[in-house]
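Input: a single structure, listed below in structure tokens.
The values are calculated or read from the model by the stated rules, or taken from the named source; none is laboratory data. As the structure is a prediction and not an experimental result, all values here were calculated from the model. Positions of Cβ are backbone-derived with ideal geometry, glycine not excepted, and every protein chain shown enters the neighbour counts. Quick note on the areas: whole protein, heavy atoms, side chains included, nothing else; ligands and nucleic acids left out. Shrake-Rupley method; radii C 1.70, N 1.55, O 1.52, S 1.80 Å.
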Amino acid sequence: MALAQNRLIAPVWKKLRTKVGVHFTRFAGVAIASLATSLIALTICNGLFHMTSTPAAIIAWFSGAVVSYVLSRWAWERKGKPDVLRETVPFWVISALVIVILTLATKFGYHLASWLGLTGIKHVLLVDFVYLLANLVTFLLRFVIFHYVLFAETTTAARAAATGPDAVPPGTRKAPKPAEAPHTAAPAVTAEAASASAPEATRGTESSTSPKPRRKSAASKTSPATSPTPAE
């Protein structure tokens, strides 16, 4: 039994340790905090102030959206001043789509509670339950959009691998080291020419340095002089 549990838990644990798993786990915590804030706001608007479905849903959504925006940047390790065009505006556009779903879900919860004849705490709990189910759907939708679109990591290496070496911005390429530089045929040809001319140069050097034979003088070429005959 324990071995079967380990076999089931090990793949899940391995997935959670990946980058997607870490972001998913963090965003789950973000969603829980955001949902808790929204449910508290919805409960107050519905049970305490007896608001209708539309304003109650809008207030609950906005309260949770503020918490979600702040914590989502932490979940995807975004620091410093947020990029308004790439982060803030898309986030609130996505949140606007979410509020449409949550508003419809809240209206459905109100009508369902009225149809069932529920009042008081039962009415509030049913509306909160329907709102919770709608948040689970929007949670998965937001995570996919946030991870793969809104907070997607675009690096120079990824762009270069996708579009080719010409897409690398100037100044990011590294010059190859001398040991890694490709060898051309020019040095080989030069070495071959030098080795071919070496014997000729050696022969020229030897001929210039070898001693030349001395020429015989004219006297040495003539026959030896006969000694004078003694006088008789």
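Taking the conditions exactly as written (over 17 Å from Asp128 (Cβ atoms) and either of a type outside the set (Phe, Trp, Tyr) or at pLDDT below 90 (or both)), does Lys14 satisfy them or not?
Details: over 17 Å from Asp128 (Cβ atoms): yes; either of a type outside the set (Phe, Trp, Tyr) or at pLDDT below 90 (or both): yes.
Criteria met by Lys14.
Those residues that are farther than 18 Å from Phe91 by Cα and among the aromatic types (Phe, Trp, Tyr), I need them from region 112-154; list them, please.
Trp115, Phe129, Tyr131, listed by residue number.
Of the numbered conditions (1) in a helix (DSSP H, G or I); (2) loosely packed, with under 13 Cβ neighbours inside 10 Å; (3) under 29 Å from the mean Cα position of the chain (by Cα), Thr54 fails exactly one; give the number of that condition.
Status for Thr54: all satisfied but (3).
Can you tell me how many residues within region 71-99 are outside any loop (DSSP other than H, G, I, E, B) and touching a helix residue (DSSP H, G or I) at 6+ places or on another chain (Cβ under 9 Å)? Talk me through it step by step, then tell me what you get.
So in region 71-99, the residues outside any loop (DSSP other than H, G, I, E, B) come out as 71-75, 84-99.
With the extra rule that they be touching a helix residue (DSSP H, G or I) at 6+ places or on another chain (Cβ under 9 Å), the set shrinks to 71-75, 86-88, 90-92, 94-95, 97-99.
Within region 71-99, residues that are outside any loop (DSSP other than H, G, I, E, B) and touching a helix residue (DSSP H, G or I) at 6+ places or on another chain (Cβ under 9 Å) number 16.
Tell me whether region 113-134 contains one or more residues that are under 28 Å from Lys19 (Cβ atoms) and modelled with pLDDT of 85 or more.
Initial filter on region 113-134 (under 28 Å from Lys19 (Cβ atoms)): none.
Within region 113-134, none of the residues are under 28 Å from Lys19 (Cβ atoms) and modelled with pLDDT of 85 or more.
I'd like the full set of residues that are touching a Ser or Thr at 6+ places or on another chain (Cβ under 9 Å) and farther than 21 Å from Ala41 by Cα, limited to region 92-129.
Scanning region 92-129 gives no hits.
Being out of contact with any Cys (no Cβ under 8 Å at 6 or more places or on another chain) and open to solvent by 40 Å² or more (accessible area, probe 1.4 Å) is true for just one of Phe91, Phe129. Which residue is that?
Exactly one residue qualifies, and that residue is Phe129.
Considering only residues of region 63-85 that are touching a residue at least 12 places away in the same chain (Cβ under 8 Å) and of a type in the set (Lys, Arg), which is nearest to Leu140 (Cα to Cα)?
Ranking the qualifying residues of region 63-85, first place goes to Arg73.
Under the condition of being touching a Phe, Trp or Tyr at 6+ places or on another chain (Cβ under 9 Å) and under 15 Å from Phe62 (Cβ atoms), which residue from region 97-126 is surrounded by the most Cβ atoms within 10 Å (Cβ to Cβ)?
Thr106
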